[in-house]
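Step one of this worksheet: look at the structure below.
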Amino acid sequence: MYFRLKDVDYNVESCSVQFGIVPHNQTLKMYIEIDAKTDSNIIDYELQEVKLYHNNGFEIGGKTLRNLKGKKFEWKKSVNQLGEEAGSLYVLEHEDVTGGIIEILDLTKDKICIKWTGFANVYWDDEFGENVPFETVIETEVPGIPKYKVVNGMETTCIKLNKYTELVLLNFDDILTECNRCREMWQNDDKDAWNKYNAILKLKLIYKGSEYFGQAVYSGSATKCNVSFDNDCPIKVRITKTAIDTYNKKYNFYIVCEQC
């Protein structure tokens with residue numbers, strides 16, 4: 001595995017692939033996240049760690065992983081015809097991937113190998129400015145296909161998880177306020193704004209008529225959280241991902257529910 005940004009080689013420290021479900025057609029979306037680092041003394045400290053990722057994912061065109069091997073997904077600009085982002089690169093701040101190709105090199109029962117090439121904005125200096133080329137190859141475990149529900153907090157704050165279970169978002173307005181605060185800081189050139197996202201989403205789980213209370217804690221991230229409930233809660237609930245697109249009135253929580 002490797003990661004290269006222009007002429008700088010990095011070691012891949014961690015990588016992951018996850019699959020989600022598109023609510024309207026039940027096909028699969030892919031999410032990729034790669035963290036890389038170099039210890040080279042000749043590289044500016046600010047460029048020594050990078051993260052390449054797909055925050056909102058992209059559709060793979062099927063409900064299973066069958067025939068995924070060999071497929072290529074191409075972006076000629078930062079957004080494709082489906083409105084899907086080409087990805088994001090974090091070096092000094094979260095910037096757009098301005099184009100690229102994601103190729104599934106190999107896929108077995110246990111492993112998936114992906115090559116991702118493209119261009120991204122860095123805005124460090126003249127050499128690392130706009131449309132900086134990158135290339136990476138990763139191999140990681142094939143995750144299971146999740147069975148989860150998606151709730152868009154901007155449309156509803158209550159979702160029926162199964163026949164006996166409902167989940168209520170008690171203070172979504174507070175979450176939206178924190179999102180708007182970070183966006184405003186980012187628009188005012190605070191390049192670290194989204195790493196300052198801190199909020200607690202209060203939750204109520206109703207299971208067979210009984211109520212249990214919990215919370216999802218977001219600390220330094222608007223997309224990842226830790227969920228906990230009352231000790232006597234018989235249901236395990238996880239928010240595996242939060243995808244934000246408030247311009248299109250979407251604030252999606254991906255929720256997995258299982259019996260304890």
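The values are calculated or read from the model by the stated rules, or taken from the named source; none is laboratory data. Quantities reported herein were computed from a predicted structural model and do not represent experimental measurements. Counting neighbours? That spans all protein chains shown, and the Cβs are built from the backbone with ideal geometry, glycine included. These accessible areas exclude ligands, DNA and RNA; they are computed on the full protein's heavy atoms, side chains included. Shrake-Rupley method; radii C 1.70, N 1.55, O 1.52, S 1.80 Å.
Could we say that residue 200 is of a type in the set (A, V, I, L, M), within 22 Å of the chain's Cα centre (by Cα) and surrounded by 13 or more Cβ atoms within 10 Å (Cβ to Cβ) here?
For residue 200, the condition - of a type in the set (A, V, I, L, M), within 22 Å of the chain's Cα centre (by Cα) and surrounded by 13 or more Cβ atoms within 10 Å (Cβ to Cβ) - is met.
Which of the residues that make up region 75-94 are within 14 Å of the chain's Cα centre (by Cα) and under 23 Å from residue 124 (Cβ atoms)? Give the steps one after another, and end with the answer.
Of all residues in region 75-94, those within 14 Å of the chain's Cα centre (by Cα) come to 84-90, 94.
Within region 75-94, 85, 86, 87, 88, 89, 90, 94 meet the criteria.
Need pairs with beta-carbon distance below 6 Å; first residue open to solvent by 40 Å² or more (accessible area, probe 1.4 Å) and within region 232-249, second modelled with pLDDT of 85 or more; sequence gap 6+ or separate chains.
238/227; 249/154
For residues that are loosely packed, with under 14 Cβ neighbours inside 10 Å and in contact (Cβ under 8 Å) with a residue 60 or more places away in the chain, tally how many sit in region 160-179.
Residues flagged as loosely packed, with under 14 Cβ neighbours inside 10 Å and in contact (Cβ under 8 Å) with a residue 60 or more places away in the chain within region 160-179 amount to 1.
Being open to solvent by less than 70 Å² (accessible area, probe 1.4 Å) and either over 26 Å from residue 191 (Cα atoms) or touching a His at 6+ places or on another chain (Cβ under 9 Å) (or both) is true for just one of 97, 91. Which residue is that?
Result of the check over 97, 91: 97.
For residue 189, only one of the following conditions fails: (1) over 25 Å from residue 79 (Cβ atoms); (2) exposed (fewer than 15 other Cβ atoms within 10 Å of the Cβ). What is its number?
It is condition (1) that residue 189 fails.
Could you list, in sequence order, all residues of region 98-114 that are more than 13 Å from residue 54 (Cα to Cα) and either outside any strand (DSSP E or B) or not β-branched (Val, Ile, Thr) (or both)?
Here is the first cut: in region 98-114, the residues more than 13 Å from residue 54 (Cα to Cα) are 103-114.
Matches in region 98-114: 103, 105, 106, 107, 108, 109, 110, 111, 113.
What do you reckon, is residue 39 in contact with a Phe, Trp or Tyr (Cβ under 9 Å, 6 or more places away or on another chain) and modelled with pLDDT under 90?
Answer is no for this residue.
In region 209-225, how many are charged (D, E, K, R) and either open to solvent by less than 30 Å² (accessible area, probe 1.4 Å) or within 14 Å of residue 165 (Cβ to Cβ) (or both)?
Residues meeting the conditions: 1.
Can you name the residue in region 45-74 that is surrounded by fewer than 13 Cβ atoms within 10 Å (Cβ to Cβ) and in contact (Cβ under 8 Å) with a residue 60 or more places away in the chain and is also nearest to the chain's Cα centre (by Cα) among such residues?
64
Across region 28-44, which residue is nearest to residue 66 (Cα to Cα) among those that are of a type in the set (Val, Ile, Thr) and open to solvent by less than 20 Å² (accessible area, probe 1.4 Å)?
32
Look through 149, 115 and report the one residue that is among the basic types (Lys, Arg), open to solvent by 30 Å² or more (accessible area, probe 1.4 Å) and at pLDDT below 95.
Result of the check over 149, 115: 149.
For the list (1) assigned to a loop (DSSP other than H, G, I, E, B); (2) open to solvent by 60 Å² or more (accessible area, probe 1.4 Å); (3) closer than 14 Å to residue 93 by Cβ, I need the number of the one condition that residue 155 fails.
(3)
Given the residues 135, 139, which is the only one that is out of contact with any Cys (no Cβ under 9 Å at 6 or more places or on another chain), surrounded by fewer than 18 Cβ atoms within 10 Å (Cβ to Cβ) and in a strand (DSSP E or B)?
135
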